[in-house]
Amino acid sequence: MFTETRTIWEYLKSAEKPIVMYGMGNGAEKILKVLDSYGIRPNAFMASDDFVRGHSFQGFSVNKLSEIEGMYDDFIILVCFGTSRDDIINKIYGLAEKYEVYAPDVPVIGDGLFDETYVAKNIKKIVAVREILADDVSKYVFDRLIDFRISGKIEHLQNCTTPLDEALDLFNIRHDSTETFVDLGAYDGDTVAMFLERTKKSFNRIYAVEPDSRNFIKIRRRNYALGSAKFIPINAAVWDEDAEIDFSDLSGRGSRAGRGRRERKITARSVDSICAGCEPTIIKMDVEGCEERALLGASQTINKCLPRLIVSLYHRNADMLELPLLVYRLSGGAYSMYLRHHNYIPAWDTNLYCVKI
């Protein structure tokens, strides 16, 4: 089970070292808001040397690491951005060899914290999810992710990271023209490219569903050579029913359902509607916090086909608990369910992998 009991916020409240925020943007704003609610004020901001050009953020001057080191003998670093780049992750782990480095957990979407109150309130669900995970690796990853979310200690992520290729080996993806892949939240086609490599371009059909307008253009350009009969791009959001919904079209990873900047109405489709004329063998869901609705809209498909599933578990606080339990209910316990975290700081790119028993 998880071992951390003291939250990063309570620790920072009593910390005597200066607190340095590493990074600018939405993540830093969210972390600043939580710090403020605890009566904590950081001492400085820093960014990678390439980004420091007289910047200021929230009333703070943004400094280089060398400048911070000139200001303080020792300090605490709070990582306030997300990254999957090996060079940046290695840099962060390198900083942790010299300083205290944390990545406070704040939800990508929604409010609330994965703190001791949340854990106490949801302990029965934590136990239930842990019990339905299929292997010891999954249980270990689950425990370490909870430890990370409570404490912000990046070593918990470092200790439970699995290469993506190793996780995909669970699926035994075939290259005999039988696989039908439904990519929900296809972004710019990166996962489609991975599927093509795994199947050696021998597959039945690919459905690439992406609501963001700019990403959708990239998908069509990137995979045009596959031909219209086998590759079906769909410019739509994923929902629990076919509908028109509000959508913030930000032309990038930040696009999501709901009201916000550059809001417009967009077509939304359920998985059951998309897959009415096919029997998918693999469905990937990375739909910016709409995974619960996507699963509910896939209930008939799951019940009929039991496709292998990849479901993102990191957008909302509740995802790591609610989504595995929902998949278990929808499938009647017919899946072996595996949890894997891939190379990312903070605990993004955490996926549930489901395979028919």
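A short reminder: the numbers here are calculations on the coordinates, not readings from a lab. These numbers come from a predicted model, not from an experiment. Because the Cβ atoms are built from the backbone with ideal geometry, glycine has one as well, and the counts that use them run over all protein chains shown.
Kirkwood-based Rg over Rh for region 10-158 (C-alpha set), two decimals? Could you put the intermediate results ahead of the total?
Values: Rg = 16.6 Å, Rh = 16.7 Å.
Taking Rg over the Kirkwood Rh, I get 1.00.
Give me the angle, in degrees from 0 to 90, between the Cα long axis of helix 86-96 and the longest principal axis of the Cα atoms of the chain, rounded to the nearest 10.
Value to nearest ten degrees: 30.
Quick one: of the DSSP bridges fully inside the chain, what percent are antiparallel, nearest 5?
So the antiparallel bridges amount to about 40 percent of the total.
Of THR7, THR162, THR199, how do they rank once you tally other Cβ atoms within 10 Å and put the fewest first?
Going from sparsest to densest Cβ surroundings: THR162, THR199, THR7.
Dividing the Cα convex hull volume of region 164-312 by residue count, how many Å³ per residue is that?
99 Å³
Could you work out the mean projected area of the convex hull around the alpha carbons of region 289-357, in square nanometres to one decimal?
Values: hull surface 16.8 nm².
Its average projected convex-hull area is 4.2 nm².
Considering only GLY332, GLY152, GLY289, give the residue with the highest GNM mean-square fluctuation for the chain, with springs between Cα atoms whenever their separation is below 10 Å.
GLY332
Give, rounded to the nearest 20 debye, the magnitude of the charge dipole that region 164-312 has about its Cα centre when Lys and Arg contribute +1 at Cβ and Asp and Glu contribute -1 at Cβ.
With only Lys, Arg, Asp and Glu charged at Cβ, the dipole is about 580 debye.
Under the rule of -39500 (n - 2.57) per DSSP H run of 4 or more residues, summed and divided by the residues of the chain, what mean residue ellipticity at 222 nm is obtained, to the nearest 500 deg cm²/dmol?
-10000 deg cm²/dmol
Could you pull out every residue, at least 5 positions away or on a different chain, whose amide H is within less than 5 Å of the one on TYR335? Hs are placed 1.01 Å off N in the peptide plane, and Pro or chain starts have none.
So TYR335 has HN proximity to ILE357.
To the nearest 10 degrees, how steep is helix 26-37 against the longest Cα principal axis of the chain, on a 0 to 90 scale?
It is inclined by approximately 50 degrees.
Throw me the Rg/Rh for region 1-65, computed over C-alpha atoms with Kirkwood Rh, two decimals. Show your work: numbers first, answer last.
Numbers: Rg = 13.4 Å, Rh = 13.0 Å.
My calculation of the ratio gives 1.03.
What is the log10 of I(q)/I(0) for the chain, computed with the Debye formula using one identical point scatterer on each Cα and no solvent, at q = 0.07, 0.12 Å⁻¹?
So the normalised log intensities work out to -0.32, -0.93.
With only Lys, Arg, Asp and Glu charged, each at its Cβ (+1 for the first two, -1 for the last two), find how big the charge dipole of the chain is about the Cα centre; round to the nearest 20 debye.
Details: 46 positive and 52 negative charges, 198 e Å.
Here the size comes out at about 960 debye.
On a 0 to 90 degree scale, rounded to 10, what angle separates helix 190-199 from the longest Cα axis of the chain?
The angle comes out near 50 degrees.
Can you tell me the dipole magnitude for region 10-158 around its Cα centre, using point charges on the Cβ only (Lys, Arg +1; Asp, Glu -1), in Debye to the nearest 20? Walk me through the intermediate numbers first.
On the way: 18 positive and 24 negative charges, 93 e Å.
Around 440 debye, computed over region 10-158.
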